[in-house]
Amino acid sequence: MAFLKKFSLIIAALALLTLVLIVFAHYLHGTVPPEVNPQAEARLLQRLQPAGAVYAGDTGAAAMAAAADAARNAAASQVAYGGTLDGAVIYNTLCSACHGSGVAGAPKLEKAAWAARVAQGTDTVVKHAIEGYQGAAGVMPARGGNPALSDEQVRATVTWMLENLK
C-alpha cells in the first residue's frame, strides 16, 4: 500500500510538471515575433508610398530639380535603339513592318503614295508621325507604335523615308 501511495504521488508530480512545462512553452511561443514574409513586407511598403510630393522653399526647389534630373536620366536610358538617329536602322527595325507591305493603309516607299503627304510639308508629316494620325487612307500610330522613340529619332526616320522614295 505504501508503494502505491508513493507511485501515485510520483505520477501526480510528473503530470503537474508536464502541465507546467506546457504552459511555459505556450508563454514562450507567444513572446517570439512571427516571421515576416519579405515579399508581403515589400508590397505593404509600396502601397504606403505617398502618391505625390510637396516641394516648398529653397529645399523644395532643389528636390524638384533633383527629381526632374532623375526622371530625365531614367527616360534617357530607355530611348529606343540606343538613341541612334540613323533613319535606316529605325525604318528597317520598326517602320518597314507597315510601310514595307502597306498594312492599315500605310504608304509604301513610293513617290506616288507620298505625293499628297509631301505636299503638306515635312513638318506636318513629322508631326503626324510623332502624335499619330488617322485619315481616310489609314492609321499612323504615334511614334510608329514605339513610345520610347524620341522626337529627333522620328524626325530622322521620316527624313530618311522621304529621301528614299522610289
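All of the numbers you see were taken from the coordinates with simple rules; none came from a lab. Everything numeric in this text was worked out from a predicted model, so none of it was measured. Because the Cβ atoms are built from the backbone with ideal geometry, glycine has one as well, and the counts that use them run over all protein chains shown.
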Item checked: Contact order normalised by residue count of the chain, Cα under 8 Å, 6+ apart, percent -> 21 percent
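Among the trypsin sites (Lys or Arg not before Pro) in the range 102-156, which ones are in a DSSP loop with at most 16 other Cβ atoms within 10 Å of the Cβ? Mind listing them?
Those that pass, being in a loop and sparsely packed, are LYS108.
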Margin query: What are the extents of the Cα atoms of the chain along their three principal axes, in Å, largest first?
Written below: 121, 49, 28
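Would you calculate the convex hull of the Cα atoms in the range 87-163 and tell me its volume per residue in Å³? If you can, show how the numbers build up before the last one.
On the way: hull volume 6.1 nm³, N = 77.
Hull volume normalised by residue count: 79 Å³.
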Item checked: Angle between the chain longest axis and helix 122-131 axis [Cα atoms, degrees, rounded to 10] -> 20 degrees
Checklist line | Residue among GLY138, GLY52, GLY60 with the largest mean-square fluctuation in a Gaussian network model of the chain, springs linking Cα atoms under 10 Å | finding: GLY52
Margin query: Cut-off under 17 Å on the C-alpha distance; same-chain residues fewer than 8 positions from LYS108 excluded. Which aspartates and glutamates are left, in chain and number order?
Written below: GLU163
Check: What is the helix-to-structure angle for 2-31, meaning the angle in degrees between its Cα long axis and the longest Cα principal axis of the chain, kept from 0 to 90 and rounded to the nearest 10?
Finding: 20 degrees
Check: SER150's amide H: which non-local residues (gap 5+, or another chain) put their own amide H closer than 5 Å, with H modeled 1.01 Å from N in plane and none for Pro or chain starts?
Finding: ALA80
Notebook entry, point to check: For the chain, which longest stretch is free of loop sites, where a loop site is one of the GluC sites (Glu not before Pro) that DSSP puts outside H, G, I, E and B and that has at most 15 other Cβ atoms within 10 Å?
Noted result: 36-109
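When Rg is the radius of gyration of the Cα atoms in the range 123-166 and Rh is its Kirkwood radius, what does Rg/Rh come to? Show your work: numbers first, answer last.
Values: Rg = 10.3 Å, Rh = 10.7 Å.
The Rg/Rh ratio comes out at 0.97.
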Check: Mean residue ellipticity at 222 nm from the helices of the chain, using -39,500 (n - 2.57) per DSSP H segment of n ≥ 4 over the full residue count, to the nearest 500 deg cm²/dmol?
Finding: -19000 deg cm²/dmol
Checklist line | Nearest-ten-degree value, helix 151-163 long axis tilted from longest Cα axis of the chain | finding: 40 degrees
